[in-house]
Amino acid sequence: MKRVVVGLSGGVDSSVAAYLLQQQGYEVIGLFMKNWHDDSVTISNECPWLEDSNDALLVAEKLGIPFQTVDLSEEYKEKIVDYMFNEYEKGRTPNPDVLCNREIKFDVFMKIALSLGADYVATGHYCRKSETTVNGETIYQLKAGADVNKDQSYFLCQLSQEQLAKSLFPIGELTKPEVREIAAEMELVTAEKKDSQGLCFIGKVRLPEFLQQKLQPKEGKIVQIDKDDAVYAVAEDTGVTVLDKLRQNATKINYTPEMGKVVGQHQGAHYFTIGQRKGLNVGGTKDPLFIIGTNVDTNTIYTGLSSQHPGLFRKGLFIENSEVHWVRSDMALANGETTELMVRIRYRQPLQKATLHQYEDGMYIAFDEPQSAITEGQFAAWYLDDELIGSGVIS
């Protein structure tokens, strides 16, 4: 019997994952990760870890599997929370869920599981794993979950072949309603439990208050830029190299206050992100205002009217070489190579047609259609059909 450690989170997905593995004849151990101590910034009782660990314990008891809790809050603080503060301080928007999978679940947690003699680690992610052979070598494939509405492959976009080799995703072929049905049939306490929202393992967090622990509020101006501003005029492409054009499309506009009019005040540019609409508290506009740029050095936020404002859209992005990651290293592009793939720049975004260009300094992604709210610090992930083959941090 192969031994599997399941990351029991206290939710329905990991509960059913444990049950299915047990049905398949694995020896299953449930392990709950405690990653957070500070309740002062979580929204009351939205996702307290105590309730989750109790639910995980009840599921383990119901299934008759061994259960224990591991406290990873120090590692979580160092690898995820501190990273978040640093990124927000630089005016970037990190994705803690992607990092949490790379650094905690499939690294720190996986090492603990393997030290317990586990052959595999399993989670309740909606994604699938399969195998193929390239030049006589086994290659692991990370594929989208069968439930299109719940596919979570994006959150695993930074996993390596070594991590995938030891991973199992038992619910990847199921839909959410099917998972709930199994949980109800088994009378698992988590069957009707709402999906957790917010930060991986912390729960719902009031982001400004969370960030205020480290990043002090400071008043700055909100500037509105007109959609017809000269900065959006499209230059002629004559005599421009492919690389110049890619760079131009991937470079964000450097706004200055003189370009627009001041429409309000904010409490710190580092609390805001491109594409954000809520939290500006500026009234009296006929369309909603969207954030089209932030500058943490001058502590200024730039906004535009409506979701169709040209300042929200860009045709390309750039990923520094050190941040380019291939899940399928056998498919990595060499310097000077290009390939057409499907790309998404945020979770649940429909896949977009794009061309990847690998250069010495990094990778440029050129989209067929302009994309809204390309955001520094977020992950772009690229797919071939339903297989996620690589990703990188937007710079």
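When the Cα gyration tensor is reduced to axis lengths a ≥ b ≥ c, the ratio a/c is 1.5 or higher for the range 3-138, and with a/b not above b/c it is classed as oblate. Assuming R0 = 30 Å, what is the FRET efficiency of residue 254 and residue 82, from their Cβ-Cβ distance, to the nearest 0.05? Taking R0 as 30 Å, the efficiency between residue 254 and residue 82 is 0.55.
Bridging of residue 286 to aspartates and glutamates at a Cα separation below 17 Å is possible for 226, 228, once same-chain residues fewer than 8 apart are set aside. Between the range 82-100 and the range 105-181, what is the separation of their alpha carbon centroids in Å? The range 82-100 and the range 105-181 have Cα centres spaced 24 Å from each other. For the range 340-395, applying the loop criterion from DSSP together with a ceiling of 11 other beta carbons within 10 Å to the GluC sites (Glu not before Pro) yields 360. Computed on the range 313-393, with alpha-carbon pairs under 8 angstrom and 6+ residues apart, the relative contact order is 40 percent.
About the centre of its Cα atoms, the range 313-393 shows a dipole size close to 380 debye [charges on the beta carbon of Lys, Arg (+1) and Asp, Glu (-1) only; nearest 20 debye]. Residues of the range 8-37 falling in the label zone of residue 71, defined by backbone nitrogen less than 18 Å from a point 7 Å along Cα to beta-carbon, are 31-37. Of all aspartates and glutamates in the structure, the ones whose alpha carbon falls short of 14 Å from that of residue 227, not counting any fewer than 8 places away in one chain, are 287.
Relative to the Cα centre, what is the charge dipole magnitude of the chain, using +1 at the beta carbon of each Lys and Arg, -1 at the beta carbon of each Asp and Glu, and rounding to the nearest 20 debye?
Details: 40 positive and 56 negative charges, 138 e Å.
Around 660 debye, computed over the chain.
Relative to the longest principal Cα axis of the chain, at what angle does helix 12-23 sit, 0 to 90 degrees, rounded to 10? Once rounded, the angle reads 40 degrees. Cross-link pairs exceeding 31 Å in C-alpha to C-alpha distance, out of 105/315; 77/194; 143/193, comprise 105/315. The label-point distance for residue 287 and residue 262, in a model that sets each label 7 Å from Cα toward Cβ, rounds to 2.6 nm.
Using just the helices of the chain, give the 222 nm mean residue ellipticity in deg cm²/dmol: DSSP H runs with n ≥ 4 each add -39,500 (n - 2.57), and the total is spread over all residues, rounded to 500. Intermediate values should be presented prior to the final figure.
Numbers: 10 runs with 80 residues, N = 395.
About -5500 deg cm²/dmol.
Read-outs throughout are calculated quantities, based only on the coordinates presented, and are distinct from any laboratory measurement. Computed from a prediction, not measured in an experiment: that's the story for all the values here. Because the Cβ atoms are built from the backbone with ideal geometry, glycine has one as well, and the counts that use them run over all protein chains shown.
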